[in-house]
1. Once you list every other residue whose beta carbon is under 10 Å from the beta carbon of ARG122, what net charge do they have if Lys and Arg are +1 and Asp and Glu are -1?
2. Whose amide H sits under 5 Å from the amide H of LEU3, counting only residues 5 or more places off or on another chain, with H placed in the peptide plane?
3. Return the carbon/sulfur percentage of the accessible area of the chain, one whole number, probe 1.4 Å, all protein chains in place.
4. With r as the distance between the Cβ atoms of ASP108 and LYS182 and R0 = 45 Å, compute the FRET efficiency 1/(1 + (r/R0)^6) and round to 0.05.
5. From Cα pairs below 8 angstrom and at least 6 apart in sequence, can you work out the relative contact order of the chain, rounded to a whole percent?
6. Residue by residue, what Karplus-based ³J(HN,Hα) values in Hz, rounded to whole numbers, does region 167-184 have, using 6.51, -1.76 and 1.60 with θ = phi - 60° and x for Gly and Pro?
7. Post the alpha-carbon centroid distance, region 137-192 to region 11-49, in whole angstrom.
8. Measuring with a 1.4 Å probe in the full set of protein chains, what accessible area per residue, in whole Å², belongs to the chain?
Amino acid sequence: MFLTGDAASDELLDSSPLALLLGMQLDQQVTMETAFAGPEKLRQRLGTLDAATIAHYEPAAFVEICRQTPAVHRFPGSMAARMQELCGIIERDWGGDAEAIWTAPTADGSAPSGAEVLKRLRQLPGFGEQKARIFLALLGKQRGLKAPGWREAAGPYGEEGSCHSVADITDAETLAKVREAKKAAKAAAKKA
C-alpha cells in the first residue's frame with residue numbers, strides 16, 4: 001500500500017486486514033497519512049495488533065495509549081472508544097478475524113456479494129454510507145476482492161480509473177490526483 005509514507009505503517013496495512021479497517025475508521029478529521037499510520041502506532045505501543053486485545057483493554061488505559069505523542073488521532077478519547085467497539089464486534093461476530101467481514105459466506109453458504117459486503121461494512125461503528133463504499137472500493141481495487149457486483153455497490157468509488165478516494169491511491173502521482181479531486185469537490189460545494 002502507499003498510504004502513509006512510512007514503510008512500517010504501509011507494510012502493516014498490506015499484511016493486516018484489521019490494520020486496514022482501523023485505518024479507515026480513523027480516516028476522519030485528520031490527514032489520510034495520520035489515520036492510516038494509527039494502527040502501526042497501536043501495534044508498537046501494544047506489542048500486537050489484535051482485535052481481542054484492543055476490545056478488552058481497560059478503556060482509560062487504551063485512551064492513554066492513543067493519546068501518547070504522536071497521538072493516534074486528533075480526538076484520542078472518542079476514537080479509542082470507537083476502535084474498541086469495532087474490535088469487540090470483530091471478536092464477537094467475526095471470530096476475531098477482520099477479513100471475515102468481507103470473506104465469510106452468507107447464511108446459505110455462498111460467497112458474499114458486493115452488496116452484502118457493503119451491508120456488513122455499514123453496520124460497523126464509524127462506517128457510514130460513503131466510508132463503507134470507499135472501503136469496499138479499496139478492497140476491490142487493491143485487495144483483490146472478488147465479490148460479485150462490488151464495483152456497482154461501491155458506486156463512483158468503484159469506477160475503473162477514478163481518482164476519488166483512498167481506494168485509488170497507489171503511488172505519489174495518484175495521491176496528488178486524489179487530493180486535487182477532493183480540493184475541487186470542496187470548492188464546488190462552497191459555490192453551491
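1. Values: positive: LYS119, ARG120, LYS131, ARG133; negative: GLU129.
After counting each charged neighbour, the total is +3.
2. Excluding prolines and chain starts, which carry no amide H, there are no hits.
3. On the way: 4850 of 9320 Å².
The nonpolar share, carbon plus sulfur, comes to 52 percent.
4. Values: r = 40 Å, r/R0 = 0.88.
That gives a FRET efficiency of 0.70.
5. On the way: 262 pairs, mean separation 29.8, N = 192.
About 16 percent, as a whole number.
6. Each residue of region 167-184 in turn: 4, 9, 8, 10, 6, 4, 5, 6, 4, 5, 5, 5, 4, 4, 5, 5, 5, 5 Hz.
7. Result: 19 Å between the Cα centres.
8. On the way: 9320 Å² over 192 residues.
Value for the chain: 49 Å² per residue.
The values are calculated or read from the model by the stated rules, or taken from the named source; none is laboratory data. The model shown is predicted, which means the values in this text are computed figures rather than measured ones. No Cβ is skipped: glycine too gets one built from the backbone with ideal geometry, and neighbour counts run over all protein chains shown. Just the protein is used for accessible areas: all its heavy atoms, side chains included, with ligands, DNA and RNA removed. Shrake-Rupley method; radii C 1.70, N 1.55, O 1.52, S 1.80 Å.
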